[in-house]
Amino acid sequence: MPASVLSGDPCQEALKPDQLEQILGIAPQGERNDDPALGTACDWINDTTGAAATVGYVTQVGEGLSAVYQNTKPQSSVWRVLPPVQGFPAVGYEITSAGAKSGFCQVAIGISDSLSVDASLTVRRAKVGKADACELAPRVADMVVTNLRKKAGM
């Protein structure tokens, strides 16, 4: 996938309103949050239920999924190599302190050797400890990849 697909605003492009409704039950306004060390990201939160989704375009690291394996895997309390997301390699992980139930999972998708996209999900408060966020987060990742492919004309 061309690097240009990550040049836009994830709040406008990564997830569409109907997709946010499927994930969060509502389509809240995204809040942009840029990290100079990683790239651009957007957070969507359902304040009523506590459910949240975040998508980050990891454009500043330059190492794709290799950096996730090297830097994140050693500190992850949950680490899963996932089935490819539309042909792109992916891993799901969670970083929590011992015994904590977060209801959170992040999926990193390698869209090229040097670029990756993060898609994370926090389940609603009532589901923490009951639903496995790492079972649900790949659906969010799949939606994001679908939208990026459309942008790239693929």
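Summary of values
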{"quantity": "Entry for Cα Rg over 2.2 N^0.38 Å (calculated from the structure that is shown) out of [x] 1.15; [y] 1.36; [z] 0.97", "calculated": "[z]"}
{"quantity": "CD proxy at 222 nm, helix term only [per DSSP H run n ≥ 4: -39500 (n - 2.57); per residue of the chain; nearest 500]", "calculated": "-6000 deg cm²/dmol"}
{"quantity": "Above-threshold pairs, the threshold being 27 Å between Cα atoms, out of Lys127/Lys150; Lys16/Lys127; Lys73/Lys127", "calculated": "Lys127/Lys150"}
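Where a number appears in this text, it was derived from the coordinates with a stated rule and is not lab data. Bear in mind that the values here come from a model prediction, so they are computed numbers and not experimental data.
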